[in-house]
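The values are calculated or read from the model by the stated rules, or taken from the named source; none is laboratory data. Since this is a predicted model, take the numbers as computed values, not measurements. Here the Cβ positions follow ideal geometry from the backbone for every residue, glycine too, while neighbour counts run over all protein chains shown. Heads up: the accessible areas ignore ligands, DNA and RNA and are worked out on the full protein's heavy atoms, side chains in. Shrake-Rupley method; radii C 1.70, N 1.55, O 1.52, S 1.80 Å.
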Amino acid sequence: GYANLERLQSSATAGPPVTVRPRGGWRRRLVKVLVTAVVLALVVEVGLRLIFGLGSPLLYQRDAECGYLVKPDQHLHRFFAENVINHAGMRSPEFAAAPPAGTQRVLFVGDSVTYALTYVDQGKIWTSRVPELLDAVKHAPVEVLNASAGGWAPANEVGYLKSRGTFHASIVCIVANSGDLGEEMAQIPAQGSEAFPTHDPWTAIGETWSRYVE
């Protein structure tokens, strides 16, 4: 009887079982959250770069003679469009110092109308299609050079020609509209410009945020 009484008292006074959680559980959960966030950010960053070309915008450089120009020697795939910039800062393929024998070289100089949008593939802009049209008329090879930059005024274009020459072109066409004629030479602001970047952004995510979200 006494033993049974002790068991009854013991069961009556005992509380519910206590669950002891291991120490440092919140740290492990925090580490998992941080690792997940980092992996997700890396996936988004790589996707923006590989699919859309973000993180590598078209770059410009300041120039004492023509204000600024597209930075030479760039080859970009951005928003599914190709932009090829040769050694002279033109949106054209590389070219020899002088045109091949029997080939007529035509140089177009202008602003964004001549450069066209960066979102338009290089093979579809009008200066890339002119050689085919002229070949059909002249029945002789024609080489077209496209020296242009968005925002250029006539002073920028003349400055480019004075400092670089005409590259042995037999025809030079300055493409301008009446609204351009009274403009002064355009410059990239000293504090920089999002429209005319001079260096790559740190990340594609950062460029996406600053250009399309803010």
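Per-residue ellipticity at 222 nm, computed for the chain from helices alone with -39500 (n - 2.57) per DSSP H run of at least four residues, works out to -10500 deg cm²/dmol. Using a cutoff of 8 angstrom between alpha carbon atoms and counting only pairs six or more residues apart, the relative contact order for the chain works out to 24 percent. Compare the Cα positions of G47, G67, V120 along the charge dipole of the stretch 30-185 (+1 at Cβ of Lys, Arg; -1 at Cβ of Asp, Glu; about the Cα centre) and return the one farthest towards the positive end. Checking the options against the dipole of the stretch 30-185, the answer is G47.
Of the listed residues W26, W126, the order by accessible area with a 1.4 Å probe, largest first, is W26, W126.
Explain nothing, just the number: dipole magnitude of the stretch 105-146 about its Cα centre with +1 on each Lys and Arg Cβ and -1 on each Asp and Glu Cβ, in debye rounded to the nearest 20. Write down the numbers at each step before the final one.
On the way: 4 positive and 5 negative charges, 14 e Å.
My answer is approximately 60 debye.
The residues of the chain present an accessible area of 63 Å² per residue when probed at 1.4 Å with all protein chains retained. Which of G25, G151, S56 sits closest to the plus end of the dipole of the chain, meaning its Cα is farthest towards the positive end, when Lys and Arg get +1 and Asp and Glu get -1 on the C-beta? Going by the charge dipole, the pick is G25. Put a plus charge on the Cβ of each Lys and Arg, a minus charge on the Cβ of each Asp and Glu, and nothing anywhere else: the dipole of the stretch 99-214 about its Cα centre is then about 460 debye. Computed with every protein chain present, the accessible area of R49 is close to 90 Å² [probe 1.4 Å]. Around V144, which amide H atoms from residues at least 5 apart in sequence, or from another chain, sit under 5 Å from its own amide H, with H modelled in the peptide plane? For V144, whose amide H was placed from the backbone, the distant partners under 5 Å are V106.
Would you work out what percent of the accessible area of the chain, with all protein chains in place, is carbon or sulfur (probe 1.4 Å)? Walk me through the numbers before you get to the answer.
Numbers: 8460 of 13450 Å².
About 63 percent, which is the carbon plus sulfur part of the accessible surface.
Sorting the Cα pairs of the stretch 70-214 by distance into bins of 10 Å, from 0 upward, gives 10, 37, 35, 14, 4, 0 percent per bin. DSSP finds beta bridges in the chain, and of those with both partners inside it, around 45 percent are antiparallel.
Each listed q (0.19, 0.20, 0.26, 0.29 Å⁻¹) maps to a log10 I(q)/I(0) for the stretch 155-209, found by the Debye formula over equal Cα scatterers with no solvent: -0.87, -0.90, -1.09, -1.20. Basic side chains Lys and Arg get +1 at the Cβ, acidic Asp and Glu get -1 at the Cβ, and with that the dipole of the chain about its Cα centre reaches some 1480 debye. Residues R164, R62, R29 ordered from highest to lowest accessible area at a 1.4 Å probe: R29, R62, R164.
Measuring only protein heavy atoms, the 1.4 Å probe finds K138 accessible over about 100 Å². The candidates Y212, Y160, arranged from most to least accessible area with a 1.4 Å probe in the full protein assembly, appear as Y212, Y160.
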